[in-house]
Amino acid sequence: MLDTTTYFPKLLHALNAEEKEEKSRYSLENGQSLKELKRLGLAMHPIKINRKSFGFADYPEVSFHYPFPFEGNGFRGSSPIELFYQGEESIKGVLLQFEGKKGEIRLFAPDFPDWLEAGDAGIKLAPDSRTISIMRKALEMAKELGTEYIKPKETAEPISITTWFNKKLNSGQKEAVEKMLLHPDVVLVHGPPGTGKTTTLIEAIRQWTAKGKRVLVSAPSNTAVDHLAGCLPEEIDVLRIGNSVKVRDELMPLTPEGKWSGCSELKTLKKLKIRSEQLRKMALQYKRNFGKAEREQRSLLFKEVNNIRKDIKTLKRDTEQIWHEKAQVIVGTPVSIVDQTYDNNSFDVLIIDEAAQCLEPLAWALFPFANKIVLAGDPFQLPPTILSDEASKLGLNVSTLERFLPAGFPIYFLPLQYRMPKNIADFSSRYFYENRLESFKEKQEKVWRFLVFL
């Protein structure tokens, strides 16, 4: 049982230390020059603007070109950024993609800044204030409610299995599925590499949805989210939420953007966007040094643009709300899920896959959404990434799964691995898994015959 009087304040302190470290690293203040940020691979300046458009949720989006070979790997899809120009207030946004010398960003602003094409704009990495804010709010609520925070409002209905969808499950996988379906609140699934953790979770999801249950699935990375979403059968209505730029091409039909392509409201949406852009261009024809009549006309045009954008957002919100309510399984990263502002206990089950890489406060942000919680992963793989040494010492680097393993909840270990040669698996079994990890013999014989042939 957690001592909530000390536990959550300690995590909040760790979160504050991590935020402070992020701000220090990415700031142009504190004696850090733009030249230094560029040297560290934290800024690109100047950038050349190639194209402007309004994209998801009618946010301004900018395609850009960086004229020099860029050194550094910090600019990855979904990274928080700031668009800046000397003497002007910077604009927060997100990097949608960057490859080679070309990239695309989305701005969290109603329109493009006037100085965007002046020729000296740049972008720099920024603290992930949105994620920090989500984690802080979750911890503060957990601090207030204590362990009641993860207790279901009603006992989850146990489900007995009459038919297995996957006939090839081994006995350990079947036991894990049965316990996930029967246990009322929190269940931990410990799946070492190659033990079929995803296969096991997919079977549980199919059993739940067959009984009319709604399932929320999350993982700390888009790669992990896509992997699980791609394994779900076509007969299940799946909605993949989040940054569509990071979604695998074959999964695009599962996203809101993909569903719009076959939606009857698409024609209306396109007409509204075209009209909005036409009026915006008309308004921008008026220069800064103009008379009262021109100023009033420009103001009226921008007012009409804003009204049309409100209509666009309303149409998108209402249409996508139907998809959210209809979906049997919703899949996304923790931040993309929280951004949807689901009501508490909107789902029957929450599954957090790769929970050994999930920051604990992000998990606390998801817990209220479901009656039953399943945490799956392997604590002996890579932990979450933390920048601050102080935050690590205070426990922010301890993953969700590691934190919950000794807490007394049921743990189901998947004992049979199909991936590694037996001698390698035996070493892992002794070193990490208390000799509980076994190898599938038929698979190993095929592997060794292949290796001998090579």
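The values are calculated or read from the model by the stated rules, or taken from the named source; none is laboratory data. Everything numeric here is computed off the predicted structure, so don't read it as measured data. Note that each Cβ is placed from the backbone with ideal geometry, even for glycine, and that neighbours are counted across all protein chains shown. These area figures cover heavy atoms from the full protein model, side chains too; ligands, DNA and RNA do not enter into them. Shrake-Rupley method; radii C 1.70, N 1.55, O 1.52, S 1.80 Å.
When the solvent-accessible surface of protein heavy atoms is calculated with a 1.4 angstrom probe, in what order do LYS102, LYS52 fall, highest first?
Order by accessible area, largest first: LYS102, LYS52.
Let me know the volume per residue of the alpha-carbon convex hull for the stretch 213-356, in Å³.
Dividing the Cα hull volume of the stretch 213-356 by its residues yields 146 Å³.
Are any of the pairs LYS179/LYS246; LYS174/LYS213; LYS92/LYS313; LYS102/LYS137; LYS38/LYS316 more than 31 Å apart by Cα-Cα distance, and if so, which?
Distance filter (> 31 Å) returns LYS179/LYS246; LYS102/LYS137; LYS38/LYS316.
Tilt of helix 222-231 relative to the longest C-alpha principal axis of the chain, in degrees (0 to 90, nearest 10)?
60 degrees
Roughly what % antiparallel, to the nearest 5, for the DSSP beta bridges in the chain?
Counting only bridges with both partners in the chain, antiparallel ones make up about 50 percent.
Based solely on C-alpha atoms, express the radius of gyration and the Dmax of the stretch 157-246 in angstrom.
Radius of gyration, then largest Cα-Cα span, for the stretch 157-246: 13.4, 40 Å.
For helix 266-284, what angle does its Cα long axis make with the longest principal axis of the chain, in degrees from 0 to 90 and rounded to 10?
40 degrees
Inverting the mean 1/r over all pairs of different Cα atoms, compute the Kirkwood radius of the stretch 74-196 and quote it in Å.
19.8 Å
With the other protein chains left in place, how much accessible area per residue, in square angstrom, belongs to the chain at a 1.4 angstrom probe?
52 Å²
Can you show me the helix-derived [θ] at 222 nm for the chain, built from DSSP H runs with n ≥ 4 at -39,500 (n - 2.57) apiece and divided by the number of residues, rounded to the nearest 500.
-13000 deg cm²/dmol
What do you get for the angle between helix 129-145 and the principal long axis of the chain? Use alpha-carbon atoms, 0 to 90 degrees, nearest ten.
Approximately 50 degrees, to the nearest ten.
Compare MET282, MET180 by solvent-accessible area with a 1.4 Å probe and give them largest first, with all protein chains kept in place.
Largest accessible area first, the list is MET282, MET180.
In terms of the ratio Rg/(2.2 N^0.38 Å) built on C-alpha atoms, what value belongs to the stretch 1-146?
The value comes to 1.21.
Just from the alpha-carbon atoms, what are the Rg and Dmax of the stretch 291-361 in angstroms?
For the stretch 291-361, the Cα radius of gyration and maximum Cα-Cα distance read 20.2, 62 Å.
Suppose we take every Cα in the stretch 69-120 and form the convex hull; what volume per residue is that in Å³?
In the stretch 69-120, the Cα hull volume divided by residue count equals 97 Å³.
Can you give the local net charge around LYS52? Use residues other than it whose beta-carbon is closer than 9 angstrom to its beta-carbon, Lys and Arg +1, Asp and Glu -1.
Within the 9 Å Cβ shell, the charges total -1.
Any chance you could run the full-extension gain for ALA118 through GLU144? It's 0.36 nm times the residue separation minus the Cα-Cα distance, nm to one decimal.
Full extension of this stretch gives 4.4 nm more.
Along Cα→Cβ, 7 Å out, is where each label goes; now give me the distance between the ones at GLU277 and HIS227 in nm to one decimal.
3.8 nm
How big is the chain on each of its three principal axes, counting only the C-alpha atoms and giving the largest first in Å?
Extents along the principal axes, in whole Å: 81, 60, 52.
Could you grab the relative contact order for the chain? Cα pairs under 8 Å, six or more apart, rounded to a whole percent.
19 percent
First compute the accessible area of the stretch 258-406 with a 1.4 Å probe, then give the percent of it belonging to carbon and sulfur atoms.
Of all accessible area on the stretch 258-406, carbon and sulfur atoms account for 49 percent.
From the phi angles alone, apply the Karplus equation (6.51, -1.76, 1.60; θ = phi - 60°) to the stretch 97-114 and give each ³J(HN,Hα) in whole Hz, x where the residue is Gly or Pro.
My calculation for the stretch 97-114 gives 6, 8, 8, x, 10, 10, x, 8, 10, 10, 9, 8, 8, x, 7, 6, x, 4 Hz in order.
Hey, got the Cα dimensions of the stretch 10-82 along the principal axes, in Å, largest first?
Taking the Cα atoms of the stretch 10-82, the three principal extents are 45, 33, 20 Å.
Starting from 0.36 nm per residue, how many nanometres of slack lie between SER160 and ARG76 once their C-alpha separation is accounted for?
Contour length minus Cα-Cα distance gives 25.8 nm.
Arrange the residues CYS263, CYS358, CYS231 by how much accessible surface each exposes, largest first, with a 1.4 angstrom probe.
Heavy-atom accessible area, descending, gives CYS231, CYS263, CYS358.
Ignoring any ligand, DNA or RNA, what whole percent of the accessible area of the stretch 6-99 comes from carbon and sulfur when the probe is 1.4 angstrom?
Heavy-atom surface of the stretch 6-99 belonging to carbon and sulfur, 1.4 Å probe: 47 percent.
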